[in-house]
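Let me begin by presenting the structure, written as structure tokens, before commenting on it.
The values are calculated or read from the model by the stated rules, or taken from the named source; none is laboratory data. Remember, predicted model here, so these are calculated numbers, not experimental data. Heads up, the Cβs are rebuilt from the backbone with ideal geometry, glycines too, and the neighbour counts pull from every protein chain shown. These area figures cover heavy atoms from the full protein model, side chains too; ligands, DNA and RNA do not enter into them. Shrake-Rupley method; radii C 1.70, N 1.55, O 1.52, S 1.80 Å.
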Amino acid sequence: MHGRTVSRRSERIQGAAPFRMMFGFRMHSGYAERRLEPGVIDFTFGDPHELQMPTYVDALREAALPRDELWFAYKQSEVAAQAAAAASLDRVVPLGWGADDVRMTTGGFGAITVAMKVLADPGEEVVYTLPPWFLYEPLALEAGLVPVKVPALQPSFDLDVDAIAAAITPRTRIVVVNTPNNPSGRIYPPDLLRRLADVLDEASARHGRRIWIVSDEPYNRIVFSRSEFHSPAEFYPHTLVCYSYGKTLLAPGQRLGYIAVPPAVADRAALLEAIEMMQIAAGWLFPNAVMQHATPRLEELSLDVARLEAKRDRLVGALGEIGYETTPPDGTFYLWPRSPIPDDEAFVEDLSRRGVLVMPGTLFETPGWFRICLTATAESIEAAIPHFRDAFEAARR
Ligand code: PLP
């Protein structure tokens, strides 16, 4: 029998820039083996490095005890979970959200993929900024969409609103905005979001079709002192807010998130219905029953943002003293310093030989920079500082 086993769509996804590079990164730096070696300090992914807080475990344990015969039945969005999510979102983005504006999803992934598929048809374009969360491209390709990438301004890593305006075509349906931003840690200020809203209003009118924002904001509660978060939804009602609990609770393996439709938007009812049907058709993208039962209690919990901020301050200070160029992030758990040499991959390779694992900017299609994840312990950060110094000095020689 001849012919292909794997579909063209699968091949396109496998060929997506981040998958290609991620695979190359793993092969090249021996990441998968190195991360398990004793003494190696792993600053790559946003995974927990310490045991989960007992209050989180208690919430899941309580939610796992059935109170009625339907406790583990098929679940779409549970009203108690929606209500808790809406009340909490309203404290962060005060737009008067109600339970019915929220649909529970399998984390941010589920929310973003549903948003893309509900808003855009195959062949239409989705614009996002580089450096991106590297999974936008596979999610867009899987939905049949065409990714259009617009580099952020350097070194501020703010949105380049003029470049976004220039990238818009009659096929543009979605602009993805990620604030607080992974990997740069930037929170976009209100005036920038307002300018983006003006650009999108004007372009939507010009092309006779609404361009939507998909606001990917899983870090909207991981905001450091002296910074203030604003959602694009405050400035542009044609925005779907995508949220994941995986960051605030530092438990990304327990899939929980939501997609929220602003109360003021026209077509709200049609959108909510489309979202629900898409969640089913795309593979039952609802969180499992236990996670939904636990949501009201989980909404009361958070990782310790002050502790994270102390780690940020320690590492930003130390890197600055060594000579690295790095802007303190406004939020998230990432640092995004400039590589001391233009070849970020070579620099990351050298750090890896010294026992410190970070992600090269090339993986984010932004060479010359690298990402450090602050979910590592304060002790690991202390232990890594001399290695960051040695690698910097070696690079400068
Ligand atoms: N969006 C951004 C910017 C992220 O950094 C991540 C996770 O790293 C996600 C979405 C997906 O979150 P989750 O894995 O919790 O669905």
- Message: For the list (1) over 30 Å from H293 (Cβ atoms); (2) crowded, with 22+ Cβ neighbours inside 10 Å, I need the number of the one condition that D121 fails.
- Response: (2)
- Note on the structure: Listed by first then second residue, the pairs whose first member lies in the stretch 123-139 and is among the polar types (S, T, N, Q), whose partner is more than 11 Å from the ligand (Cβ to nearest atom), with beta carbons under 6 Å and at least 6 positions apart or on separate chains, are T129/V150; T129/A152; T129/L159
- Query: For residues in the stretch 251-265 being open to solvent by 30 Å² or more (accessible area, probe 1.4 Å) and in contact (Cβ under 8 Å) with a residue 24 or more places away in the chain, which is nearest to the ligand (Cβ to nearest atom)?
  - Reply: P252
- Item | Filtered residue count, the stretch 280-306, keeping only those that are on the phi < 0 side of the Ramachandran plot, of a type outside the set (D, E, K, R) and not in a helix (DSSP H, G or I) | 8
- Scanning the stretch 220-250 for residues that are within 16 Å of the ligand (Cβ to nearest atom) and in a loop (DSSP other than H, G, I, E, B), the one most open to solvent (accessible area, probe 1.4 Å) turns out to be R221
- Message: Against the condition within 14 Å of the ligand (Cβ to nearest atom), of a type in the set (D, E, K, R) and open to solvent by 10 Å² or more (accessible area, probe 1.4 Å), how does R209 come out, does it pass?
- Response: no
- Do we find a residue being assigned to a loop (DSSP other than H, G, I, E, B), within 25 Å of T44 (Cα to Cα) and under 20 Å from the mean Cα position of the chain (by Cα) anywhere in the stretch 160-174? no
- Message: Please pick out the residue among W133, W71 that is within 16 Å of the ligand (Cβ to nearest atom) and either assigned to a loop (DSSP other than H, G, I, E, B) or surrounded by fewer than 20 Cβ atoms within 10 Å (Cβ to Cβ) (or both).
- Response: W133
- Message: Looking at the stretch 324-353 only, could you name the residues that are open to solvent by less than 20 Å² (accessible area, probe 1.4 Å), in a loop (DSSP other than H, G, I, E, B) and within 24 Å of L250 (Cα to Cα)?
- Response: P329, T332, F333, W336, P337
- Query: (1) open to solvent by 100 Å² or more (accessible area, probe 1.4 Å); (2) modelled with pLDDT of 90 or more; (3) under 23 Å from P367 (Cβ atoms): which one isn't true of L51, the others all being true?
  - Reply: (3)
- State the number of residues belonging to the stretch 354-397 that are assigned to a helix (DSSP H, G or I), of a type outside the set (D, E), out of contact with any Leu (no Cβ under 8 Å at 6 or more places or on another chain) and open to solvent by 10 Å² or more (accessible area, probe 1.4 Å). 10
- Task: Identify the single condition in (1) touching a residue at least 24 places away in the same chain (Cβ under 8 Å); (2) away from the ligand (no atom under 15 Å from the Cβ); (3) out of contact with any strand residue (DSSP E or B) (no Cβ under 6 Å at 6 or more places or on another chain) that A99 does not satisfy, given that it satisfies every other one.
- Result: (1)
